[in-house]
Amino acid sequence: MSEVESFRLDHTKVRAPYVRLAGKKRTPSGDWIEKYDLRLAQPNRAVVPTDALHTLEHLLAGYLRDHLEGLVDLSPMGCRTGFYAVVLGTPGTEAVRQAFEAALRDVIEHTGAVPGASALECGNYRDHNLKAAQEWARRVLDQGLIVQETVEIQ
């Protein structure tokens, strides 16, 4: 089995909420792709409920793109503690942190329907909770979003 970066991360030493550069690759055409760990909850101590995480995914898919050029994908982590963001280019952790912070503020201010949350647009459209998503966004901003260096298992 290929080595997986996140399995080398010492989840007991990182301090959420944070943004962390989780990987960087060069494409055959010479472009850079960076993967960022956007952590909302402290690993093994808290989890984001699925309805809140799902709503955050839908909202951040648009709002993060408004603040971060080159966003290719935003995917929730299976452990439900955050997201991975894949970016074309090399914006750097501080720029990603600022964009994530701005997008979380947008989530807090969001009114109306959750984008893409109908049976036609979503594979689990009943599993959304805007209020809980906004509470998580507020919680992260209140705690202070930092840049976290990678701490590998020794």
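The values are calculated or read from the model by the stated rules, or taken from the named source; none is laboratory data. None of these values were measured; they are calculated from a predicted model. Note that each Cβ is placed from the backbone with ideal geometry, even for glycine, and that neighbours are counted across all protein chains shown. Side chains included, ligands, DNA and RNA excluded: accessible areas come from the protein's heavy atoms. Shrake-Rupley method; radii C 1.70, N 1.55, O 1.52, S 1.80 Å.
Worth pointing out:
- The set of residues in segment 11-34 that are assigned to a loop (DSSP other than H, G, I, E, B) and open to solvent by 20 Å² or more (accessible area, probe 1.4 Å) comprises HIS11, THR12, LYS13, ARG15, ALA16, THR27, PRO28, SER29, GLY30, ASP31.
- Test: residue in segment 65-72 that is acidic (Asp, Glu) and closer than 23 Å to PRO43 by Cα: no
- Residue list for segment 28-85, restricted to those being farther than 24 Å from GLY123 by Cα and of a type in the set (A, V, I, L, M, F, W, C): TRP32, ILE33, ALA41, ALA46, LEU68
- The set of residues from segment 78-128 being part of a helix (DSSP H, G or I), under 30 Å from THR150 (Cβ atoms) and either without any contact (Cβ under 8 Å) to a residue 12 or more places away in the chain or of a type in the set (A, V, I, L, M) (or both) comprises ALA95, VAL96, ALA99, ALA102, ALA103, LEU104, VAL107, ILE108.
- Selection count where residues are among the hydroxyl-bearing types (Ser, Thr, Tyr), part of a helix (DSSP H, G or I) and open to solvent by less than 10 Å² (accessible area, probe 1.4 Å), scope segment 35-70: 1
- Just one of (1) within 12 Å of the chain's Cα centre (by Cα); (2) of a type outside the set (Gly, Ala, Ser); (3) buried (at least 17 other Cβ atoms within 10 Å of the Cβ) fails for ASP73. It is (3).
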